[in-house]
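The values are calculated or read from the model by the stated rules, or taken from the named source; none is laboratory data. From a predicted model like this one, the values you see are computed outputs, not experimental measurements. A quick note on method: Cβ atoms are made from the backbone with ideal geometry, for glycine too, and the neighbour counts reach across all protein chains shown. Ligands, DNA and RNA are excluded from the accessible area calculation, which covers all protein heavy atoms including side chains. Shrake-Rupley method; radii C 1.70, N 1.55, O 1.52, S 1.80 Å.
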Amino acid sequence: MSKFIAPRAPKGFRDFLPETMLRRNYVLDSIKEVFHRFGFEPIDTPTLELHETLFGKYGEDAEQLIFTARHGRSTREPLAMRYDLTVPLARVVGQYESQLNLPFKRYHIAPVFRGERPQRGRYREFWQCDADTVGVAGLSADAEIVIMMYEILRRLGFPQFVIKINHRKLLVAIGEFSGLPQAQLPDLYRSVDKFDKIGADGVKRELIERGIDAEAVSRMMDLIQSKEPGGNSLDLIAETIGGAGDTGLNDLRELADLLADASIPAEHYDFDFTMVRGLGYYTGPIFETVISEPNLGSVSGGGRYDNLIGMFRRQSLPTTGTSFGIERIIDLMDELELYPLHLGGTLVQVLVTVFSEETRRASARIGNQLRAAGINTEVYLGTRKLGRQLAHADKKGIPIVVIAGPDEIEAGVVKLRRLRDGNEVTVTPHELADAVADMLADH
(Lines give C-alpha, C1' and ligand atoms only; values in the text may rest on other atoms or scores of the structure.)
Protein backbone atom coordinates (compact mmCIF):
# COMPACT_ATOMS: atom_id res chain seq x y z
CA MET A 1 0.00 0.00 0.00
CA SER A 2 1.31 3.47 -0.87
CA LYS A 3 2.34 5.90 1.84
CA PHE A 4 -0.44 8.04 3.34
CA ILE A 5 -0.30 11.68 2.19
CA ALA A 6 -1.85 14.30 4.47
CA PRO A 7 -4.28 16.24 2.24
CA ARG A 8 -3.59 19.96 2.13
CA ALA A 9 -3.33 22.76 -0.40
CA PRO A 10 -0.07 24.77 -0.65
CA LYS A 11 0.12 27.89 1.51
CA GLY A 12 -1.56 30.82 -0.18
CA PHE A 13 -3.63 28.55 -2.43
CA ARG A 14 -7.20 27.52 -1.67
CA ASP A 15 -9.96 25.07 -2.51
CA PHE A 16 -13.53 26.33 -2.89
CA LEU A 17 -16.47 24.13 -1.90
CA PRO A 18 -19.92 24.65 -3.46
CA GLU A 19 -21.31 27.16 -0.95
CA THR A 20 -18.20 29.33 -1.37
CA MET A 21 -18.27 28.99 -5.15
CA LEU A 22 -21.88 30.15 -5.30
CA ARG A 23 -20.86 33.36 -3.55
CA ARG A 24 -17.81 33.82 -5.76
CA ASN A 25 -19.91 33.25 -8.87
CA TYR A 26 -22.45 35.82 -7.65
CA VAL A 27 -19.67 38.43 -7.40
CA LEU A 28 -18.13 37.49 -10.76
CA ASP A 29 -21.50 37.39 -12.54
CA SER A 30 -22.43 40.80 -11.08
CA ILE A 31 -19.19 42.31 -12.36
CA LYS A 32 -19.64 40.69 -15.77
CA GLU A 33 -23.11 42.20 -16.07
CA VAL A 34 -21.67 45.69 -15.60
CA PHE A 35 -18.79 44.97 -18.01
CA HIS A 36 -21.31 43.89 -20.64
CA ARG A 37 -23.47 46.96 -20.03
CA PHE A 38 -20.49 49.17 -20.87
CA GLY A 39 -19.63 47.20 -24.02
CA PHE A 40 -16.59 45.23 -22.81
CA GLU A 41 -16.06 41.74 -24.26
CA PRO A 42 -14.17 38.72 -22.88
CA ILE A 43 -10.76 37.28 -23.73
CA ASP A 44 -8.55 34.65 -22.08
CA THR A 45 -4.78 33.98 -22.15
CA PRO A 46 -2.46 31.17 -20.92
CA THR A 47 -1.49 30.90 -17.25
CA LEU A 48 2.18 30.76 -18.35
CA GLU A 49 3.87 33.50 -20.33
CA LEU A 50 7.38 33.78 -21.68
CA HIS A 51 9.83 35.13 -19.10
CA GLU A 52 10.66 38.05 -21.41
CA THR A 53 6.97 38.96 -21.70
CA LEU A 54 6.55 39.59 -17.97
CA PHE A 55 9.89 40.85 -16.68
CA GLY A 56 10.84 44.50 -17.07
CA LYS A 57 7.25 45.75 -16.89
CA TYR A 58 6.29 45.99 -13.19
CA GLY A 59 9.18 47.53 -11.24
CA GLU A 60 11.75 45.91 -8.98
CA ASP A 61 9.53 45.33 -5.93
CA ALA A 62 6.72 43.68 -7.88
CA GLU A 63 8.98 41.49 -10.00
CA GLN A 64 10.41 39.83 -6.91
CA LEU A 65 6.95 38.26 -6.50
CA ILE A 66 6.73 36.70 -9.97
CA PHE A 67 6.74 32.89 -9.98
CA THR A 68 9.11 31.43 -12.55
CA ALA A 69 8.17 28.01 -13.91
CA ARG A 70 10.43 24.96 -13.95
CA HIS A 71 9.81 22.44 -16.69
CA GLY A 72 11.25 19.39 -18.37
CA ARG A 73 13.81 19.18 -21.12
CA SER A 74 11.24 19.24 -23.93
CA THR A 75 11.34 23.06 -24.16
CA ARG A 76 14.09 25.61 -23.68
CA GLU A 77 11.77 28.61 -23.35
CA PRO A 78 12.06 30.32 -19.93
CA LEU A 79 8.53 30.67 -18.55
CA ALA A 80 6.81 32.56 -15.73
CA MET A 81 3.32 32.55 -14.24
CA ARG A 82 1.25 35.60 -15.03
CA TYR A 83 1.50 38.32 -12.39
CA ASP A 84 -1.51 40.29 -13.60
CA LEU A 85 -3.80 40.47 -16.64
CA THR A 86 -2.48 43.76 -18.03
CA VAL A 87 0.81 42.67 -19.56
CA PRO A 88 -0.88 39.65 -21.21
CA LEU A 89 -3.36 42.13 -22.75
CA ALA A 90 -0.49 44.14 -24.19
CA ARG A 91 0.98 40.98 -25.71
CA VAL A 92 -2.40 39.96 -27.16
CA VAL A 93 -2.87 43.36 -28.82
CA GLY A 94 0.61 43.20 -30.30
CA GLN A 95 0.14 39.62 -31.49
CA TYR A 96 -3.41 39.88 -32.89
CA GLU A 97 -3.71 43.56 -33.85
CA SER A 98 -4.86 42.73 -37.39
CA GLN A 99 -7.88 40.88 -35.93
CA LEU A 100 -8.91 43.59 -33.46
CA ASN A 101 -11.10 46.63 -34.05
CA LEU A 102 -10.09 49.83 -32.29
CA PRO A 103 -11.12 50.99 -29.83
CA PHE A 104 -10.74 47.51 -28.34
CA LYS A 105 -12.70 47.10 -25.10
CA ARG A 106 -11.95 43.83 -23.37
CA TYR A 107 -12.41 42.24 -19.98
CA HIS A 108 -10.48 39.30 -18.60
CA ILE A 109 -11.37 37.27 -15.50
CA ALA A 110 -8.74 34.72 -14.46
CA PRO A 111 -6.34 33.67 -11.67
CA VAL A 112 -2.96 35.38 -11.29
CA PHE A 113 0.01 34.32 -9.17
CA ARG A 114 2.31 36.22 -6.81
CA GLY A 115 4.88 35.09 -4.27
CA GLU A 116 3.18 36.99 -1.44
CA ARG A 117 3.46 36.21 2.24
CA PRO A 118 -0.01 34.68 2.78
CA GLN A 119 -2.26 36.67 5.12
CA ARG A 120 -5.85 37.85 5.36
CA GLY A 121 -6.82 39.27 1.99
CA ARG A 122 -3.52 38.25 0.33
CA TYR A 123 -3.03 34.95 -1.44
CA ARG A 124 -0.49 33.46 -3.83
CA GLU A 125 -3.19 32.52 -6.30
CA PHE A 126 -6.11 34.88 -6.64
CA TRP A 127 -8.55 36.04 -9.27
CA GLN A 128 -8.58 39.40 -10.98
CA CYS A 129 -11.26 41.04 -13.09
CA ASP A 130 -9.78 43.50 -15.56
CA ALA A 131 -11.45 45.81 -18.05
CA ASP A 132 -9.38 47.95 -20.42
CA THR A 133 -9.95 50.23 -23.39
CA VAL A 134 -7.22 50.22 -26.04
CA GLY A 135 -6.87 52.92 -28.69
CA VAL A 136 -8.50 55.99 -27.07
CA ALA A 137 -6.27 58.88 -26.01
CA GLY A 138 -9.04 61.15 -24.69
CA LEU A 139 -10.17 61.38 -21.07
CA SER A 140 -13.60 59.99 -21.99
CA ALA A 141 -12.12 56.48 -21.78
CA ASP A 142 -10.65 57.15 -18.32
CA ALA A 143 -13.93 58.62 -17.10
CA GLU A 144 -15.83 55.57 -18.36
CA ILE A 145 -13.51 53.32 -16.34
CA VAL A 146 -14.11 55.33 -13.16
CA ILE A 147 -17.87 55.37 -13.76
CA MET A 148 -17.82 51.62 -14.29
CA MET A 149 -15.85 51.12 -11.06
CA TYR A 150 -18.54 53.12 -9.26
CA GLU A 151 -21.35 51.09 -10.84
CA ILE A 152 -19.75 47.76 -9.90
CA LEU A 153 -19.24 48.67 -6.25
CA ARG A 154 -22.80 50.00 -6.10
CA ARG A 155 -24.14 46.87 -7.84
CA LEU A 156 -22.45 44.70 -5.19
CA GLY A 157 -24.08 46.73 -2.44
CA PHE A 158 -21.11 48.49 -0.81
CA PRO A 159 -22.48 51.54 1.03
CA GLN A 160 -19.17 53.27 1.82
CA PHE A 161 -16.42 53.43 -0.79
CA VAL A 162 -14.18 56.09 -2.31
CA ILE A 163 -12.45 56.04 -5.70
CA LYS A 164 -9.12 57.80 -5.21
CA ILE A 165 -7.82 59.59 -8.30
CA ASN A 166 -4.37 60.97 -9.08
CA HIS A 167 -2.17 61.56 -12.14
CA ARG A 168 1.33 60.26 -12.81
CA LYS A 169 2.35 63.45 -14.68
CA LEU A 170 1.17 65.54 -11.73
CA LEU A 171 3.30 63.41 -9.40
CA VAL A 172 6.29 64.04 -11.68
CA ALA A 173 5.55 67.78 -11.63
CA ILE A 174 5.29 67.80 -7.83
CA GLY A 175 8.57 65.93 -7.52
CA GLU A 176 10.41 68.20 -9.94
CA PHE A 177 8.94 71.35 -8.39
CA SER A 178 10.11 70.12 -4.98
CA GLY A 179 13.64 69.73 -6.28
CA LEU A 180 13.93 65.98 -6.92
CA PRO A 181 16.32 65.05 -9.73
CA GLN A 182 14.72 63.08 -12.59
CA ALA A 183 16.73 59.99 -11.64
CA GLN A 184 15.19 59.93 -8.15
CA LEU A 185 11.54 60.10 -9.23
CA PRO A 186 11.16 56.28 -9.17
CA ASP A 187 12.28 56.39 -5.51
CA LEU A 188 9.50 58.92 -4.91
CA TYR A 189 6.90 56.56 -6.41
CA ARG A 190 8.09 53.55 -4.45
CA SER A 191 8.06 55.35 -1.10
CA VAL A 192 4.83 57.34 -1.50
CA ASP A 193 3.10 54.13 -2.62
CA LYS A 194 3.53 52.96 0.99
CA PHE A 195 1.78 56.02 2.44
CA ASP A 196 -1.21 54.06 3.77
CA LYS A 197 1.09 51.50 5.43
CA ILE A 198 3.86 53.61 6.98
CA GLY A 199 2.27 57.06 7.14
CA ALA A 200 3.70 60.48 6.30
CA ASP A 201 6.60 60.21 8.75
CA GLY A 202 7.56 56.80 7.41
CA VAL A 203 7.51 58.02 3.80
CA LYS A 204 9.56 61.08 4.68
CA ARG A 205 12.13 59.01 6.55
CA GLU A 206 12.40 56.46 3.73
CA LEU A 207 12.88 59.15 1.06
CA ILE A 208 15.67 60.76 3.07
CA GLU A 209 17.27 57.33 3.56
CA ARG A 210 17.16 56.91 -0.22
CA GLY A 211 19.42 59.95 -0.48
CA ILE A 212 16.84 62.61 -1.40
CA ASP A 213 17.50 66.09 0.01
CA ALA A 214 15.53 66.68 3.23
CA GLU A 215 14.26 70.10 2.11
CA ALA A 216 12.99 68.64 -1.17
CA VAL A 217 11.27 65.85 0.74
CA SER A 218 9.60 68.36 3.07
CA ARG A 219 8.30 70.47 0.16
CA MET A 220 7.05 67.39 -1.65
CA MET A 221 5.29 65.98 1.46
CA ASP A 222 3.46 69.29 1.99
CA LEU A 223 2.22 69.22 -1.61
CA ILE A 224 1.04 65.61 -1.79
CA GLN A 225 -0.88 66.04 1.48
CA SER A 226 -2.75 69.11 0.20
CA LYS A 227 -6.39 68.51 0.97
CA GLU A 228 -9.49 70.57 0.25
CA PRO A 229 -13.11 69.49 -0.28
CA GLY A 230 -14.07 68.32 -3.77
CA GLY A 231 -12.01 69.57 -6.70
CA ASN A 232 -10.57 72.44 -4.67
CA SER A 233 -7.48 70.30 -4.01
CA LEU A 234 -6.60 70.75 -7.67
CA ASP A 235 -6.79 74.53 -7.32
CA LEU A 236 -4.60 74.36 -4.22
CA ILE A 237 -1.88 72.45 -6.08
CA ALA A 238 -2.18 74.77 -9.09
CA GLU A 239 -1.67 77.84 -6.94
CA THR A 240 1.54 76.36 -5.52
CA ILE A 241 3.30 74.84 -8.52
CA GLY A 242 1.92 77.12 -11.22
CA GLY A 243 2.23 75.82 -14.76
CA ALA A 244 4.58 72.98 -13.82
CA GLY A 245 1.71 70.54 -13.44
CA ASP A 246 -0.61 71.85 -16.14
CA THR A 247 -0.92 68.58 -18.06
CA GLY A 248 -1.90 66.50 -15.08
CA LEU A 249 -4.10 69.19 -13.53
CA ASN A 250 -5.98 69.83 -16.78
CA ASP A 251 -6.62 66.11 -17.22
CA LEU A 252 -7.94 65.78 -13.68
CA ARG A 253 -10.18 68.84 -14.09
CA GLU A 254 -11.64 67.36 -17.30
CA LEU A 255 -12.10 64.03 -15.53
CA ALA A 256 -13.95 65.77 -12.68
CA ASP A 257 -16.29 67.43 -15.21
CA LEU A 258 -17.02 64.10 -16.92
CA LEU A 259 -17.79 62.42 -13.58
CA ALA A 260 -20.12 65.28 -12.65
CA ASP A 261 -21.87 64.92 -16.05
CA ALA A 262 -22.44 61.24 -15.21
CA SER A 263 -23.95 62.22 -11.83
CA ILE A 264 -21.33 60.31 -9.85
CA PRO A 265 -21.81 61.45 -6.22
CA ALA A 266 -18.91 63.57 -5.00
CA GLU A 267 -18.59 61.52 -1.82
CA HIS A 268 -17.57 58.50 -3.89
CA TYR A 269 -14.44 59.95 -5.50
CA ASP A 270 -11.53 61.99 -4.20
CA PHE A 271 -8.37 63.54 -5.68
CA ASP A 272 -5.67 62.03 -3.47
CA PHE A 273 -2.07 63.02 -4.27
CA THR A 274 -0.65 60.37 -1.92
CA MET A 275 -2.07 57.59 -4.13
CA VAL A 276 0.64 56.37 -6.50
CA ARG A 277 -0.18 52.89 -7.84
CA GLY A 278 3.25 51.27 -7.64
CA LEU A 279 3.45 49.59 -11.03
CA GLY A 280 5.93 51.28 -13.31
CA TYR A 281 3.88 51.38 -16.51
CA TYR A 282 1.29 54.05 -15.60
CA THR A 283 1.54 57.32 -17.56
CA GLY A 284 -1.61 59.37 -16.81
CA PRO A 285 -4.67 59.30 -14.53
CA ILE A 286 -4.59 56.52 -11.92
CA PHE A 287 -7.44 55.15 -9.81
CA GLU A 288 -7.85 53.09 -6.65
CA THR A 289 -11.03 52.15 -4.81
CA VAL A 290 -11.02 51.82 -1.03
CA ILE A 291 -13.88 50.47 1.07
CA SER A 292 -14.23 53.04 3.83
CA GLU A 293 -15.53 50.74 6.58
CA PRO A 294 -14.17 48.21 7.37
CA ASN A 295 -10.80 49.01 5.80
CA LEU A 296 -9.15 46.04 4.09
CA GLY A 297 -7.11 48.15 1.70
CA SER A 298 -7.98 48.78 -1.93
CA VAL A 299 -10.36 46.49 -3.83
CA SER A 300 -9.77 47.88 -7.32
CA GLY A 301 -7.15 49.95 -9.05
CA GLY A 302 -5.96 50.98 -12.46
CA GLY A 303 -5.11 53.89 -14.68
CA ARG A 304 -3.73 54.98 -18.02
CA TYR A 305 -0.67 53.27 -19.47
CA ASP A 306 0.01 54.55 -22.97
CA ASN A 307 3.47 53.01 -23.51
CA LEU A 308 3.15 49.38 -22.45
CA ILE A 309 1.65 47.99 -25.65
CA GLY A 310 4.53 49.59 -27.55
CA MET A 311 6.78 46.89 -26.10
CA PHE A 312 4.91 44.36 -28.25
CA ARG A 313 4.34 46.35 -31.48
CA ARG A 314 6.21 48.99 -33.45
CA GLN A 315 4.02 51.84 -32.21
CA SER A 316 2.24 52.00 -28.89
CA LEU A 317 -1.49 52.51 -28.36
CA PRO A 318 -3.16 54.65 -25.67
CA THR A 319 -4.75 52.37 -23.06
CA THR A 320 -6.61 52.78 -19.79
CA GLY A 321 -8.29 50.29 -17.49
CA THR A 322 -9.01 48.88 -14.07
CA SER A 323 -8.55 45.67 -12.11
CA PHE A 324 -10.79 44.33 -9.33
CA GLY A 325 -9.34 42.27 -6.48
CA ILE A 326 -12.00 39.61 -6.17
CA GLU A 327 -10.63 38.05 -2.98
CA ARG A 328 -10.80 41.27 -0.99
CA ILE A 329 -14.24 42.08 -2.35
CA ILE A 330 -15.51 38.64 -1.30
CA ASP A 331 -13.93 38.92 2.17
CA LEU A 332 -15.65 42.26 2.68
CA MET A 333 -18.99 41.05 1.34
CA ASP A 334 -18.84 38.15 3.81
CA GLU A 335 -18.04 40.55 6.64
CA LEU A 336 -20.75 43.06 5.69
CA GLU A 337 -23.31 40.35 4.77
CA LEU A 338 -23.99 41.89 1.36
CA TYR A 339 -25.14 38.71 -0.40
CA PRO A 340 -28.83 38.43 -1.39
CA LEU A 341 -31.00 36.50 1.06
CA HIS A 342 -32.00 33.99 -1.64
CA LEU A 343 -28.35 33.03 -2.22
CA GLY A 344 -28.10 29.79 -0.24
CA GLY A 345 -25.64 26.94 -0.14
CA THR A 346 -26.93 25.11 -3.20
CA LEU A 347 -28.26 25.71 -6.70
CA VAL A 348 -30.72 22.81 -6.38
CA GLN A 349 -34.30 24.03 -6.03
CA VAL A 350 -36.13 20.70 -5.76
CA LEU A 351 -35.28 17.22 -4.49
CA VAL A 352 -37.41 14.38 -5.91
CA THR A 353 -37.54 11.53 -3.41
CA VAL A 354 -37.27 7.84 -4.38
CA PHE A 355 -39.19 5.34 -2.26
CA SER A 356 -37.82 2.17 -3.87
CA GLU A 357 -36.25 0.85 -7.04
CA GLU A 358 -39.78 0.16 -8.25
CA THR A 359 -40.69 3.88 -8.03
CA ARG A 360 -37.36 5.21 -9.34
CA ARG A 361 -38.50 5.49 -12.97
CA ALA A 362 -41.54 7.53 -11.96
CA SER A 363 -39.32 9.82 -9.86
CA ALA A 364 -36.91 10.19 -12.79
CA ARG A 365 -39.80 11.25 -15.07
CA ILE A 366 -40.80 13.90 -12.52
CA GLY A 367 -37.22 15.15 -12.40
CA ASN A 368 -37.02 15.39 -16.19
CA GLN A 369 -40.33 17.27 -16.28
CA LEU A 370 -39.11 19.86 -13.76
CA ARG A 371 -35.76 20.32 -15.51
CA ALA A 372 -37.55 20.86 -18.82
CA ALA A 373 -39.49 23.64 -17.08
CA GLY A 374 -36.19 25.32 -16.09
CA ILE A 375 -36.17 24.21 -12.44
CA ASN A 376 -32.89 22.91 -10.96
CA THR A 377 -33.81 19.43 -9.79
CA GLU A 378 -31.98 16.60 -8.04
CA VAL A 379 -33.44 13.08 -8.11
CA TYR A 380 -32.24 11.18 -5.04
CA LEU A 381 -29.78 8.51 -6.14
CA GLY A 382 -29.72 6.30 -3.05
CA THR A 383 -32.37 4.08 -1.49
CA ARG A 384 -32.53 5.51 2.03
CA LYS A 385 -35.70 5.97 4.02
CA LEU A 386 -37.79 9.07 3.36
CA GLY A 387 -36.66 10.73 6.60
CA ARG A 388 -33.02 10.46 5.53
CA GLN A 389 -33.84 11.98 2.15
CA LEU A 390 -35.65 14.90 3.78
CA ALA A 391 -32.70 15.41 6.12
CA HIS A 392 -30.37 15.43 3.07
CA ALA A 393 -32.47 18.17 1.44
CA ASP A 394 -32.64 20.20 4.64
CA LYS A 395 -28.88 19.98 5.29
CA LYS A 396 -28.08 20.95 1.72
CA GLY A 397 -30.53 23.87 1.78
CA ILE A 398 -32.87 22.55 -0.94
CA PRO A 399 -36.14 24.43 -0.40
CA ILE A 400 -38.71 22.02 -1.90
CA VAL A 401 -39.13 18.24 -1.82
CA VAL A 402 -41.33 16.18 -4.17
CA ILE A 403 -42.81 13.13 -2.46
CA ALA A 404 -43.78 10.46 -4.99
CA GLY A 405 -44.53 7.25 -3.13
CA PRO A 406 -46.50 4.22 -4.36
CA ASP A 407 -49.80 5.72 -3.18
CA GLU A 408 -49.19 9.03 -4.98
CA ILE A 409 -48.07 7.28 -8.15
CA GLU A 410 -51.16 5.07 -8.15
CA ALA A 411 -53.41 8.12 -7.63
CA GLY A 412 -51.68 10.09 -10.38
CA VAL A 413 -50.52 12.90 -8.08
CA VAL A 414 -47.42 14.08 -6.22
CA LYS A 415 -46.92 15.96 -2.96
CA LEU A 416 -44.82 19.10 -2.69
CA ARG A 417 -43.37 20.03 0.69
CA ARG A 418 -41.61 23.32 1.42
CA LEU A 419 -39.09 22.55 4.15
CA ARG A 420 -38.90 26.07 5.57
CA ASP A 421 -42.43 26.01 6.95
CA GLY A 422 -43.69 22.48 6.22
CA ASN A 423 -46.31 23.79 3.77
CA GLU A 424 -47.54 20.85 1.66
CA VAL A 425 -49.76 20.65 -1.41
CA THR A 426 -50.91 17.78 -3.61
CA VAL A 427 -50.93 18.38 -7.38
CA THR A 428 -51.27 16.52 -10.66
CA PRO A 429 -48.27 16.14 -13.00
CA HIS A 430 -49.84 18.79 -15.26
CA GLU A 431 -49.88 21.29 -12.36
CA LEU A 432 -46.47 20.33 -10.99
CA ALA A 433 -44.14 22.92 -12.59
CA ASP A 434 -46.45 25.86 -11.87
CA ALA A 435 -46.96 24.72 -8.28
CA VAL A 436 -43.17 24.48 -7.71
CA ALA A 437 -42.67 27.94 -9.24
CA ASP A 438 -45.30 29.37 -6.88
CA MET A 439 -43.64 27.75 -3.87
CA LEU A 440 -40.22 29.05 -4.91
CA ALA A 441 -41.62 32.56 -5.34
CA ASP A 442 -42.86 32.44 -1.73
CA HIS A 443 -39.60 30.94 -0.41
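Ranking SER30, SER263 by solvent-accessible area of protein heavy atoms (1.4 Å probe, all protein chains present), from largest to smallest, gives SER263, SER30. Under the convention that each Lys and Arg Cβ holds +1 and each Asp and Glu Cβ holds -1, the size of the dipole of the stretch 1-51 around its Cα centre is about 380 debye. Label reach from HIS36 (point 7 Å along Cα→C-beta): in the stretch 95-110, amide nitrogens under 20 Å belong to 105-110. For the stretch 307-315, the Karplus equation 6.51 cos²θ - 1.76 cosθ + 1.60, evaluated at θ = phi - 60°, returns couplings of 10, 5, 5, x, 6, 10, 8, 5, 9 Hz by residue, with Gly and Pro reported as x. So what is the orientation-averaged projected area of the chain, using the convex hull of its C-alpha atoms, in nm²? If I average the Cα hull's projected area over directions, I get 29.5 nm². For the chain, the residue among VAL348, LEU308, ILE212 whose Cα projects farthest onto the positive side of the dipole built from Cβ charges is VAL348.
Each Cα pair under 8 Å and six or more residues apart adds its separation to the average, and for the chain the resulting relative contact order is 16 percent.
Can you give the translational diffusion coefficient of the stretch 321-405 in µm²/s, computed by Stokes-Einstein from the Kirkwood radius over Cα pairs at 25 °C and 0.890 mPa s? The estimated diffusion coefficient comes to 164 µm²/s. Name the residue from SER263, VAL192, VAL172 whose Cα lies farthest towards the positive end of the charge dipole of the chain, charges +1 on Cβ of Lys and Arg and -1 on Cβ of Asp and Glu. Value computed over the given set: VAL192. Amide H contacts under 5 Å for THR289: LYS164, VAL299, SER300, GLY301, restricted to partners 5 or more places along the chain or on a different chain, H placed in the peptide plane at 1.01 Å from N. Placing unit charges on the Cβ atoms of the charged side chains and taking the dipole of the chain about its Cα centre, the candidate lying farthest along the positive direction among GLY325, PRO399, LEU100 is PRO399. Here ASP61 and ASP257 are evaluated by their C-beta separation; at R0 = 35 Å the FRET efficiency comes out at 0.50. For the stretch 147-248, the Kirkwood hydrodynamic radius from C-alpha pairs, put into Stokes-Einstein at 10 °C and a viscosity of 1.306 mPa s, yields a diffusion coefficient of 106 µm² per second.
Basic side chains Lys and Arg get +1 at the Cβ, acidic Asp and Glu get -1 at the Cβ, and with that the dipole of the stretch 155-253 about its Cα centre reaches some 460 debye. Expressed as a whole percent, the accessible surface of the stretch 1-155 that belongs to carbon and sulfur atoms is 50, based on a 1.4 Å probe. Charged neighbours of SER30, selected by a Cβ distance under 12 Å, balance to +3 (K, R count +1; D, E count -1).
Do any of LYS385/LYS415; LYS11/LYS395; LYS164/LYS194; LYS164/LYS197; LYS32/LYS194 go past 20 Å between their Cα atoms, and which?
Beyond 20 Å between Cα atoms: LYS11/LYS395; LYS32/LYS194.
Per-residue extension of 0.36 nm, minus the Cα-Cα distance of ASP44 and ASP15, leaves a gain of 8.3 nm for this segment. Accessible surface area normalised per residue over the stretch 1-156 is 55 Å², counting heavy atoms of protein chains with a 1.4 Å rolling probe. Below 8 Å, C-alpha to C-alpha, sequence gap of six or more: please give me the relative contact order for the stretch 205-348 in percent. Reported relative contact order: 14 percent. Simple point charges give the picture: +1 on the Cβ of Lys and Arg, -1 on the Cβ of Asp and Glu, and for the chain a dipole about the Cα centre of about 2040 debye. Taking all Cα pairs closer than 8 Å and separated by 6 or more residues, the relative contact order of the stretch 58-166 comes to 21 percent.
Ranked by accessible surface with a 1.4 Å probe, highest first, in what order do LYS57, LYS415 come?
LYS415, LYS57
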